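**Student:** First, the structure itself, so that you have it in front of you.
The values are calculated or read from the model by the stated rules, or taken from the named source; none is laboratory data. All values reported here derive from a predicted model rather than from experimental measurement. Backbone-built Cβ (ideal geometry, glycine too); neighbour counts: all protein chains shown.
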Amino acid sequence: MGGIEIKTQKRFYNSHQSVILTFFLIISFADLSFSQNPKEFKNDTFLKKLNHDKSYSDLKKKTVLKYKNTPAGHWGEFVKGVDERIQTNEKNIAFTFDACGGKNGNGYDKDLIEYLQREKIPATLFITGKWIDAQFDTFLNLSRNPLFEIENHGLNHRPCSICGETIYGIKGTPGIEEAFDEIEANACKIEAITGHHPRFYRSATAYIDEACADMVVSLGIIPVSYQVLSGDAIVSEPEKVIEKDVIKNIKP
């Protein structure tokens, strides 16, 4: 590892003393039986239930009213309100992986997860509602593993925008209501399945506008980005190039 001592014992959510190293993980199936009925948690079904829940619908109305005259502000991965840097003098890294869902995004890197478990490396997994729908059993397995922290990557893997910004060919949420659902509905979904309400949210592609970043905070969640991007989302990227770029750029 280039002579760099790397400690991974500290969790991302409780240290605030870590470098955020993100990999875009395309997370498939597991063999654990589950008691929850996955049909009840399908995105469309679950969202319909939420919209009939008074507390959810009231919060949505309140949020829409609050942001209806708010300008979107800057659009990007590191806009105002998004955390991407945690100060430390120690050699700590927070590994984060995104399970995106959808076309080409419903898979599962079993070898990687088994490696993390074998080496006892804790990691934060940002997971979408779409991926949960496609890999419900595996999601339950991961959520029950104390090594992994399950966090919010959005309901439908749509970049969070109040005006429908597009990035990498992925259209963002077209308005405030959709942005609210992208954030809050997936947080509720993860909590309903696991009993854990996410503390962190990373927008799809990590792109978000300032209005949505503020909305995330108003919902009691911390919007996060990253510091070191591994580059593994590019299928043709050689392993050695990824390794060199990561080692070169990580720092306390």
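**Student:** List pairs: first residue in the stretch 239-252 and exposed (fewer than 13 other Cβ atoms within 10 Å of the Cβ), second residue among the acidic types (Asp, Glu) anywhere in the structure, Cβ distance under 9 angstrom, at least six positions apart or on different chains.
**Tutor:** 239/232
**Student:** Return a yes/no flag: does the stretch 133-144 have any residue that is closer than 25 Å to residue 228 by Cβ, at pLDDT 95 or above and out of contact with any Phe, Trp or Tyr (no Cβ under 6 Å at 6 or more places or on another chain).
**Tutor:** Here is the first cut: in the stretch 133-144, the ones closer than 25 Å to residue 228 by Cβ are 142.
Those still in the list that are at pLDDT 95 or above too: 142.
Okay, now just the ones that are also out of contact with any Phe, Trp or Tyr (no Cβ under 6 Å at 6 or more places or on another chain), so none.
Within the stretch 133-144, not a single residue is closer than 25 Å to residue 228 by Cβ, at pLDDT 95 or above and out of contact with any Phe, Trp or Tyr (no Cβ under 6 Å at 6 or more places or on another chain).
**Student:** If a residue has to be modelled with pLDDT of 95 or more and either of a type in the set (A, V, I, L, M, F, W, C) or exposed (fewer than 14 other Cβ atoms within 10 Å of the Cβ) (or both) to count, how many in the stretch 37-50 make the cut? Step through it out loud before you land on a result.
**Tutor:** We begin by selecting, within the stretch 37-50, every residue modelled with pLDDT of 95 or more; these are 41-50.
After this cut, where a residue has to be either of a type in the set (A, V, I, L, M, F, W, C) or exposed (fewer than 14 other Cβ atoms within 10 Å of the Cβ) (or both) as well, the list is 41, 44-48, 50.
Count: 7.
**Student:** Also, quick follow-up: Does residue 82 satisfy the criteria of being at pLDDT 95 or above, β-branched (Val, Ile, Thr) and in contact with a Ser or Thr (Cβ under 7 Å, 6 or more places away or on another chain)? Explain how you work it out, then say what you get.
**Tutor:** On the way: at pLDDT 95 or above: yes; β-branched (Val, Ile, Thr): yes; in contact with a Ser or Thr (Cβ under 7 Å, 6 or more places away or on another chain): yes.
Against the criterion (at pLDDT 95 or above, β-branched (Val, Ile, Thr) and in contact with a Ser or Thr (Cβ under 7 Å, 6 or more places away or on another chain)), residue 82 qualifies.
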